[in-house]
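Peer 1: One structure, pasted below without further comment.
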Amino acid sequence: MNGRQKATGLVLVLVLPRVNLLDLGGPVQVFDAAASLGAGYRLRFVGDETDATSAQGLRLAGLDGLPEIAPGDLVLVPGPRLTSARPEAPLVSGTVTRWLREAYENGARIASVCSGAAALGEAGLLDGRRCTTHWSLVEAMRLRYPAARVQQKVLYVHDGPVSTSAGISAGIDLALSLVERDHGPALTAAVARELVIYMRRDGSAAQISPFLRYRSHLHPAVHRVQDHLAQHLDSAHTLAELAAVAHLSPRGLSKAFSAAIGISPLEYQQRLRLERAAALLAETDFGVEAVAVRCGFRDARHLRRLFAARYGMPPSAARVNRS
């Protein structure tokens, strides 16, 4: 199998017969909104037939055929309404399962929404992997795909290049998570804000990123300052400078932040910096000094002190514990 390549931005949406419209429309809207904000996603709707009828009766026409896959493409499989076919009957066509296997072998990322996990299971892509699906299908998935490690009570699961989500709206959470992996938390927060939704993490996550946790309010001035801080983490900011961004007085900005998210602007900035520092320590080979500079701390000592106070461990432990 070829190694996984950097994301190309191409999202191939596999439209199966009897697809559920929310499983299709929710994640597609996320990628479309991200593209409008500069993420560079390109959506292409494909199937083994040119037409499909959704589970809700809407006819979807003009689908492209199943194309060749390039390394780094993303294949998205929205969930279909599964029929009560014979237990031994295939749940998707042989053409689809072969194409999914070839896509995986060619270095694509594969993501399913809800019952779309069954298509991945039929293709053998869940064997040995952690995965999830709609709560009502968990036991059936375990029986049909005994080599899969089907998880309960999680919104979505990433296991290498294969990602799966639970039912319906969890597909939106999965799509946001994929955008965050490709383009970082600041742009993802902007997408969530654009769609007036609140991103959730899966049930196994220890915390919600502060880039996202504090963005469910509707105060435009606070959002402006949050955007500014996220985009300029390595810069120093005074309260007066942030107030100018918000077009408020310093006192007015402090009151607005407290009312909207419950903490001060400078406390919010510190949480963003610590979150970014933790990510850099876990995902890169940058030293603590380099991480401190990139995240706006005075020096490595300053980062070590705040990191230990926030996370109960030194930055070196985040390096050791990277997954």
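The values are calculated or read from the model by the stated rules, or taken from the named source; none is laboratory data. Every value quoted in this text rests on a predicted model; they were computed, and no experiment measured them. In this analysis, Cβ positions are derived from the backbone assuming ideal geometry, glycine residues included, and neighbour counts consider all displayed protein chains. With ligands, DNA and RNA removed, areas are computed over all heavy atoms of the protein, side chains included. Shrake-Rupley method; radii C 1.70, N 1.55, O 1.52, S 1.80 Å.
Peer 1: Over segment 244-323, with the other protein chains present, what is the accessible area per residue in square angstrom, probe 1.4 angstrom?
Peer 2: 55
Peer 1: Summing -39500 (n - 2.57) over the DSSP H runs of n ≥ 4 in the chain and dividing by its residue number, what mean residue ellipticity at 222 nm do you reach, to the nearest 500 deg cm²/dmol?
Peer 2: -14000 deg cm²/dmol
Peer 1: What percentage of the solvent-accessible surface of segment 174-304, computed with a 1.4 Å probe over protein heavy atoms, is contributed by carbon and sulfur atoms?
Peer 2: The nonpolar share, carbon plus sulfur, comes to 51 percent.
Peer 1: Lys and Arg at +1, Asp and Glu at -1: add these up for the other residues within a Cβ distance under 11 Å of LEU248 and post the number.
Peer 2: Once all neighbours under 11 Å are counted, the net charge is +3.
Peer 1: Can you list the residues, at least 5 places off or on another chain, whose amide H is less than 5 Å from the amide H of VAL13, using H built in the peptide plane?
Peer 2: Under 5 Å from the amide H of VAL13 lie the amide H atoms of ARG44, PHE45, VAL46, LEU76, each far enough along the sequence or on another chain.
Peer 1: Note down the net charge around LEU274, summing +1 for each Lys or Arg and -1 for each Asp or Glu among other residues with Cβ under 12 Å from its Cβ.
Peer 2: Working: positive: ARG271, ARG273, ARG276, ARG304, ARG305, ARG310; negative: GLU267, GLU275.
Once positives and negatives cancel, what remains is +4.
Peer 1: Something else about it: Compare the Cα positions of SER163, ALA308, THR53 along the charge dipole of the chain (+1 at Cβ of Lys, Arg; -1 at Cβ of Asp, Glu; about the Cα centre) and return the one farthest towards the positive end.
Peer 2: Ranked along the dipole, the leading option is ALA308.
Peer 1: Using a cut-off of 12 Å between beta-carbons, work out the net charge of the residues near ARG101 (Lys and Arg +1, Asp and Glu -1, ARG101 not included).
Peer 2: Working: positive: ARG98; negative: GLU102, GLU105, GLU122, ASP127.
Every neighbour counted, the sum reads -3.
Peer 1: Here is a further query. Could you quote the convex hull projected area for segment 105-231, Cα atoms only and averaged over all directions, in nm²?
Peer 2: Average projection, Cα convex hull of segment 105-231: 8.3 nm².
Peer 1: OK, next. Near the amide H of ALA108, under 5 Å away, which other amide H atoms are found, from residues 5 or more places off or on another chain, if H is placed in the peptide plane?
Peer 2: GLY72
Peer 1: Could you give each residue of segment 125-137 its phi-based ³J(HN,Hα) in whole Hz, using Karplus coefficients 6.51, -1.76, 1.60 with θ = phi - 60°, and x for Gly or Pro?
Peer 2: 7, 9, 4, x, 10, 6, 7, 8, 6, 4, 4, 6, 9
Peer 1: Right, next: Under a point spin-label approximation (7 Å from Cα along Cα-to-Cβ), what is the ALA317-HIS247 distance to one decimal in nm?
Peer 2: With each label placed 7 Å out from Cα toward Cβ, I get 4.5 nm.
Peer 1: Which whole-Hz couplings ³J(HN,Hα) result when phi for each residue of segment 89-106 is put into the Karplus expression 6.51 cos²θ - 1.76 cosθ + 1.60, θ = phi - 60°, listed in order with x for Gly and Pro?
Peer 2: Here the 3J(HN,Hα) series is 6, x, 8, 9, 5, x, 4, 5, 5, 5, 5, 5, 5, 5, 4, 4, 5, 7 Hz.
Peer 1: For the chain, what proportion of DSSP beta bridges, expressed in % and rounded to the nearest 5, is antiparallel?
Peer 2: Expressed as a percentage, antiparallel bridges in the chain total about 30.
Peer 1: Of the labelled options (i) 1.10; (ii) 1.31; (iii) 1.18, which one gives Cα Rg over 2.2 N^0.38 Å as computed for this structure?
Peer 2: (i)
Peer 1: Let me ask something else. Could you give each residue of segment 185-190 its phi-based ³J(HN,Hα) in whole Hz, using Karplus coefficients 6.51, -1.76, 1.60 with θ = phi - 60°, and x for Gly or Pro?
Peer 2: x, 5, 5, 4, 4, 5
Peer 1: If each Cα of segment 234-309 is one equal point scatterer, what is log10 of I(q)/I(0) from the Debye formula at q = 0.11, 0.14, 0.24 Å⁻¹?
Peer 2: Reported log10 I(q)/I(0), two decimals: -0.33, -0.51, -1.01.
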